[in-house]
Amino acid sequence: FSQTPKLKEIVIPEGCSLTSRNFVNSGVEKVTLPSTTQFIPQECFLNCSNLKNIEIPDGVTRIGDMAFYGSGIDVLEIPQSIRVLERWIIGSPNSNGGYAMTKSNKIKVRGLNKEQAREWFENQVHTSSPAYHNLYLRKII
């Protein structure tokens, strides 16, 4: 489904898995993930600028590198089942062409307030480096 600018909505059937770069540069606005989803692979929704929101099902344990990078998502709501957040899960290129998370990019943990979410993150989530750990921790709302 990558490079499909006319694609607006997709419902992924139960039992189907996502793959890396599944929707790169697509025009998708709404995605319904199956409840069986456990992993959102790297660059799955890379540069899907029309994608403003996605409901990540309970049971997802890992979000891959740049999974939602360049999307239109400002606040990424994640379930408490998450155990691994890889690099640059959200954000957009900065003016120098480098990677960045904007001021509007935030992470919300479903069912927890900010204090609870920060504690959960410290105790339950692994990142690829201390720098990403600290970056994501600062972005929790």
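If you add up the charges near residue 110, with Lys and Arg at +1 and Asp and Glu at -1, over every other residue whose beta carbon is less than 12 angstrom from its beta carbon, what do you get? Let's see the in-between values first.
Numbers: positive: 108; negative: 55, 58, 77.
That works out to -2.
Skip the ligands, DNA and RNA, and give the accessible area per residue of the range 4-141 with a 1.4 Å probe, whole Å².
Result: 51 Å² per residue.
How do 126, 133 rank by accessible surface area computed with a 1.4 Å probe, from largest to smallest? Write down the numbers at each step before the final one.
Numbers: 126 120, 133 35 Å².
Solvent-accessible surface, decreasing: 126, 133.
Convert 20 °C to kelvin, take the viscosity as 1.002 mPa s, use the Kirkwood radius over C-alpha pairs of the range 1-54 as Rh, and evaluate the Stokes-Einstein diffusion coefficient in µm²/s, rounded to a whole number. Write out the running numbers ahead of the final one.
Numbers: Rh = 11.0 Å.
The diffusion coefficient I find is 194 µm²/s.
So, with +1 on the Cβ of K and R and -1 on the Cβ of D and E, and no other charges, what is the size of the charge dipole of the chain about its Cα centre, to the nearest 20 debye?
Rounded to the nearest 20 debye, it is 320 debye.
I'd like the carbon and sulfur percentage of the solvent accessible area for the range 16-141, probe radius 1.4 Å, heavy atoms only, ligands and nucleic acids excluded.
45 percent
Looking at the range 106-136, which trypsin sites (Lys or Arg not before Pro) are DSSP coil and have at most 14 other C-beta atoms within 10 Å of their C-beta?
110
What number do you get for the range 93-141 when its Cα radius of gyration is normalised by 2.2 N^0.38 Å, N = residues?
Here the answer is 1.25, to two decimals.
Pop out the Kirkwood hydrodynamic radius of the range 1-122 from its pairwise C-alpha distances, inverse of mean 1/r, in Å to one decimal. Don't skip to the answer; put the middle values down first.
Numbers: mean 1/r = 0.0689 Å⁻¹.
This gives a value of 14.5 Å.
Do you know the relative contact order of the chain, to the nearest whole percent, from alpha carbon pairs under 8 angstrom that are 6+ apart?
It rounds to 16 percent for the chain.
Rounding to the nearest 20 debye, state how big the charge dipole of the range 1-83 is about its Cα centre with +1 on each Lys and Arg Cβ and -1 on each Asp and Glu Cβ.
Here the range 1-83 has a charge dipole of around 180 debye.
For residue 84 and residue 62, calculate 0.36 nm times their separation in residues minus their Cα-Cα distance, and state this gained length in nm to one decimal.
7.5 nm
Based on alpha-carbon positions alone, could you give the equivalent ellipsoid semi-axes of the range 40-80 from the gyration tensor, as √(5λ), descending, whole Å?
17, 12, 7
Quick check on the chain: helices-only [θ] at 222 nm, where DSSP H runs of length 4 and up contribute -39,500 (n - 2.57) each and the sum goes over total residues. Nearest 500, please.
-4500 deg cm²/dmol
Full extension from residue 20 to residue 75: what is 0.36 nm times the residue separation minus their Cα-Cα distance, to one decimal in nm?
Stretched out fully, the residue 20 to residue 75 stretch lengthens by 17.6 nm.
Going through the cross-link list 52/106; 6/106; 52/103; 6/108; 8/108; 6/103, which pairs have a Cα-Cα distance over 23 Å in this structure?
Distance filter (> 23 Å) returns 6/106; 6/108; 8/108; 6/103.
Show me the ranking of peptides 9-18, 34-43, 68-77 by mean Cβ neighbours inside 10 Å, starting with the highest.
Highest-to-lowest ranking by the protection proxy: 68-77, 34-43, 9-18.
Which trypsin sites (Lys or Arg not before Pro) in the range 7-44 pass both tests, a DSSP loop state and at most 14 other beta-carbon atoms within 10 Å? Walk me through the numbers before you get to the answer.
Values: sites: 8, 21, 30; in loops: 8, 21.
Here the sparse-neighbourhood loop sites are 8.
The values are calculated or read from the model by the stated rules, or taken from the named source; none is laboratory data. As the structure is a prediction and not an experimental result, all values here were calculated from the model. Methodologically, a virtual Cβ is constructed for each residue, glycine included, from the backbone with ideal geometry; neighbour enumeration extends over all protein chains shown. The area values use the complete protein model at the heavy-atom level, side chains included, leaving out ligands, DNA and RNA. Shrake-Rupley method; radii C 1.70, N 1.55, O 1.52, S 1.80 Å.
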